[in-house]
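J.: Can you keep this structure in mind? I'll have questions shortly.
The values are calculated or read from the model by the stated rules, or taken from the named source; none is laboratory data. Every value quoted in this text rests on a predicted model; they were computed, and no experiment measured them. Neighbour counts run over all protein chains shown; Cβ positions are idealised from the backbone, glycine included. Side chains are part of the model used for accessible areas, which takes the heavy atoms of the whole protein and leaves out ligands, DNA and RNA. Shrake-Rupley method; radii C 1.70, N 1.55, O 1.52, S 1.80 Å.
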Protein chains: 2
Amino acid sequence: MSDTLTPEKIMHLGMAFWGSKTLLSAIELDVFTILAQKPLDAEGLRRQLGLHPRSARDFFDALVSLGMLDRKDGLYMNTTETELFLDKAKPSYIGGFLEMANARLYKSWGALTEGLRTGQPQNEVKDGGGFFETLYSDPVKLKTFLQSMTGLSMWASKAIAQKFPWQNYNTFFDIGTAQGGLPVQVALAHSHLTGGGFDLPASQLIFEEYVRSNLLSDRLRFIAGDFFRDPLPKADVLSMGHILHDWNLEEKKQLIRKAYDALSPGGALIIFESLIDDDRRRNTFGLLMSLNMLIELPGGFDYTGTDCTGWLREGGFRETRVEHLVGPDSMVIGIK
Amino acid sequence: MSDTLTPEKIMHLGMAFWGSKTLLSAIELDVFTILAQKPLDAEGLRRQLGLHPRSARDFFDALVSLGMLDRKDGLYMNTTETELFLDKAKPSYIGGFLEMANARLYKSWGALTEGLRTGQPQNEVKDGGGFFETLYSDPVKLKTFLQSMTGLSMWASKAIAQKFPWQNYNTFFDIGTAQGGLPVQVALAHSHLTGGGFDLPASQLIFEEYVRSNLLSDRLRFIAGDFFRDPLPKADVLSMGHILHDWNLEEKKQLIRKAYDALSPGGALIIFESLIDDDRRRNTFGLLMSLNMLIELPGGFDYTGTDCTGWLREGGFRETRVEHLVGPDSMVIGIK
């Protein structure tokens, strides 16, 4: 046994759910939204949050040590990052996905072992009902979910708005658009574009509200439909963000074929995901996202850029490329 | 809004429970114990583990990307660290605490927000019964728990065996000894010492089995007792590892006074914990361990070296010092 080896890295990873849940509870409790108004001392913050005195200070100082809060002269305040990204009052808020993780995924992942043994989803579906059927039948849950998708995709959407040659195209539709996170970022950056989002009818009002709040209702519209049953809207560019990974291989290929059919000649399909690296050993988030598809859905899985360009070629696209966006996210582009 | 800021750090922490639970499930499934016998390809490993084909490869590659497995030419194998620390067949196995985290704490921590609001424990105690009463009445659960404590304290115990001047003392007892993790490491390193461990009667057989397996039965014995009701064993050195943090302030001080009374003149009390740094902003594990005391127990909390030396002085100890051990753990020493 080597004396230089310690189990620290193992213990750190194994117990990482402590720090993770601490941040998720802080978001749930509006810690960052409250501190965005003004710095507070421990007692002031505790009272505003309605916390019991026993562990409030440990909670706040744990957030300091995790790099999520600053503390100066006894006053707690947001860091530059949490001030920007976790204040619910700011449009730059990205906590929606973390809110969903706290409300749903943390618990579902508790049954990961059972999921691995059975290959079956471990979320609310265990109590009966399909994931999307259940979700889209409850307007409040649906809005939270769709907002969480906007948060998850916000930074990748900004990168797509910058990195894709939008000047070469005029119309675009985002397939499975949820709240319209991607079309809004693209339309904000490129005033010559028109298009919108395609999703199930239940998303329409939530999409339209979000587009209106971004003053884009004149250029972005909603088309209601089921992407397996209905034809996709015709456009120069179609995009699918965190959509293909929800589905099994045959369904993935079917969606790619339908996109091909709907595109103008020379048009482009943009697929973006937390793509697994081709060697399947670096993009941890992509690999764990694939396990999240096990937890959430009957056949979904994440995939590599090489997997995806293969399906695009098979679906008729004449040219393909993979481009990194930001963090764990990349896009795959297919040209018709 | 700055363009150089990204929410990556926030997302990474918020979703860290994914990677954490992936490792915990791997330990539960004996991934590392099986691979310690020989490297296996994805299909061989999947079959041995009894996993469904759907997500097995994602699971294995996620462990590679998390640094917990290596993969060469399609064969999965342990890393140097996981081979040493997570193979259940080796005495260097430290996964007991992680097993307990997987079986109990992950779920209990799901109710952190409620714990913070109420100040009340969120573990099995919510269904009635006290933590230790429930634990010590179930021999199987007790053994798992006591083994988990050995795993948690193993590296700190080795450090205490090295860093404390044991040559100046002859007898020692570990208070709240569980399986005897600390006395075993100390006695293995110092053949002149005799002593043992003190704990509730239910621990006796588990302690004696562990001591016997380390060939130390001639020098280490078990004394059964309740450290609040009974006097502590007399010795030159007494130790308490991850004991004081279980209790409220008055109980902590009471245990320190009882240790003072039982020590020889010039004797030493060693207290070791994941001590919070005095500025309460660096030792994340110590701060989160204190939140774990909220989840687990009615009044426990972790504390800083300065907190503890203050209590030792108040309890009559004439000399105190704080010394770092390994990772998040430090010891506080009080000389009578």
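J.: Which of the residues that make up the range B:297-319 are in a helix (DSSP H, G or I) and open to solvent by 10 Å² or more (accessible area, probe 1.4 Å)?
T.: B:THR306, B:ASP307, B:THR309, B:GLY310, B:TRP311, B:ARG313, B:GLU314
J.: Name every residue in the range B:147-194 that is assigned to a helix (DSSP H, G or I), touching a Ser or Thr at 6+ places or on another chain (Cβ under 6 Å) and polar (S, T, N, Q), in order of residue number.
T.: Once the filter is applied, which keeps residues that are assigned to a helix (DSSP H, G or I), touching a Ser or Thr at 6+ places or on another chain (Cβ under 6 Å) and polar (S, T, N, Q), the range B:147-194 yields only B:GLN185.
J.: Right, something else. Out of the residues in the range A:114-124 that are open to solvent by 40 Å² or more (accessible area, probe 1.4 Å) and in a helix (DSSP H, G or I), state the one that is farthest from the other protein chains (Cβ to nearest Cβ).
T.: Top of the filtered list is A:GLU124.
Residue-wise test of (1) in contact with a helix residue (DSSP H, G or I) (Cβ under 6 Å, 6 or more places away or on another chain); (2) open to solvent by 50 Å² or more (accessible area, probe 1.4 Å); (3) under 25 Å from A:ILE333 (Cα atoms).
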| residue | (1), (2), (3) |
| --- | --- |
| A:LEU188 | no, yes, yes |
| A:GLY195 | no, no, yes |
| A:LEU200 | yes, yes, yes |
| A:TYR210 | no, no, no |
| A:ASP230 | no, yes, yes |
| A:ALA235 | no, no, yes |
| A:LEU238 | yes, no, yes |
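J.: Against the definition (within 8 Å of chain B (Cβ to nearest Cβ) and either touching a Phe, Trp or Tyr at 6+ places or on another chain (Cβ under 7 Å) or at pLDDT 95 or above (or both)), how does A:ASP302 come out, yes or no?
T.: For A:ASP302, the condition - within 8 Å of chain B (Cβ to nearest Cβ) and either touching a Phe, Trp or Tyr at 6+ places or on another chain (Cβ under 7 Å) or at pLDDT 95 or above (or both) - is met.
J.: Are there any pairs, at least 6 apart or on different chains, whose C-beta atoms fall under 6 Å, with the first in the range A:278-298 and closer than 12 Å to B:TRP18 by Cα and the second surrounded by 24 or more Cβ atoms within 10 Å (Cβ to Cβ) and among the β-branched types (Val, Ile, Thr), and if so, which?
T.: Filtered contacts from the range A:278-298: A:GLY286/A:ILE276; A:LEU287/A:ILE276.
J.: Now for a separate question. Considering each of A:SER264, A:SER274 in turn, give the residue that is within 14 Å of another protein chain (Cβ to nearest Cβ), small (Gly, Ala, Ser) and surrounded by fewer than 24 Cβ atoms within 10 Å (Cβ to Cβ).
T.: Selected residue: A:SER274, the only one of A:SER264, A:SER274 that is within 14 Å of another protein chain (Cβ to nearest Cβ), small (Gly, Ala, Ser) and surrounded by fewer than 24 Cβ atoms within 10 Å (Cβ to Cβ).
J.: Consider only pairs whose beta carbons are under 6 Å apart and that are at least six residues apart or on different chains; among these, list those whose first residue lies in the range A:146-162 and is under 12 Å from A:VAL184 (Cα atoms) and whose second residue is among the hydrophobic types (A, V, I, L, M, F, W, C) and in a helix (DSSP H, G or I).
T.: Once the first residue is under 12 Å from A:VAL184 (Cα atoms) and sits in the range A:146-162, its partners that are among the hydrophobic types (A, V, I, L, M, F, W, C) and in a helix (DSSP H, G or I) give A:SER157/A:LEU182; A:ALA161/A:VAL186; A:ALA161/A:ALA189.
J.: Looking at this structure, is A:LEU288 more than 10 Å from chain B (Cβ to nearest Cβ) and surrounded by 20 or more Cβ atoms within 10 Å (Cβ to Cβ)?
T.: No.
J.: In addition: Sort out which residues of the range B:1-16 are in a helix (DSSP H, G or I) and either open to solvent by less than 40 Å² (accessible area, probe 1.4 Å) or more than 7 Å from chain A (Cβ to nearest Cβ) (or both), and write them in order of number.
T.: B:ILE10, B:MET11, B:HIS12, B:LEU13, B:GLY14, B:ALA16
J.: Within the range A:17-34, track down each residue that is open to solvent by 20 Å² or more (accessible area, probe 1.4 Å) and at the interface with another protein chain (Cβ under 10 Å from one of its Cβ atoms).
T.: Scanning the range A:17-34 gives a single hit, A:GLU28.
J.: Inside the range B:35-113, counting only helices (runs of 4 or more DSSP H) that do not spill past its ends, which hold 1 or more residues that are open to solvent by 40 Å² or more (accessible area, probe 1.4 Å) and closer than 20 Å to A:THR113 by Cβ?
T.: Of the helices (runs of 4 or more DSSP H) lying wholly inside the range B:35-113, those with at least 1 residues that are open to solvent by 40 Å² or more (accessible area, probe 1.4 Å) and closer than 20 Å to A:THR113 by Cβ span B:42-49, B:53-65, B:96-100, B:106-109.
J.: Could I ask something else about it? What is the residue count in the range B:246-261 for residues that are open to solvent by 10 Å² or more (accessible area, probe 1.4 Å) and part of a helix (DSSP H, G or I)?
T.: Within the range B:246-261, residues that are open to solvent by 10 Å² or more (accessible area, probe 1.4 Å) and part of a helix (DSSP H, G or I) number 10.
J.: Can you name every residue in the range B:320-334 that is farther than 18 Å from B:SER153 by Cβ and either open to solvent by 20 Å² or more (accessible area, probe 1.4 Å) or within 11 Å of chain A (Cβ to nearest Cβ) (or both)?
T.: Once the filter is applied, which keeps residues that are farther than 18 Å from B:SER153 by Cβ and either open to solvent by 20 Å² or more (accessible area, probe 1.4 Å) or within 11 Å of chain A (Cβ to nearest Cβ) (or both), the range B:320-334 yields B:THR320, B:ARG321.
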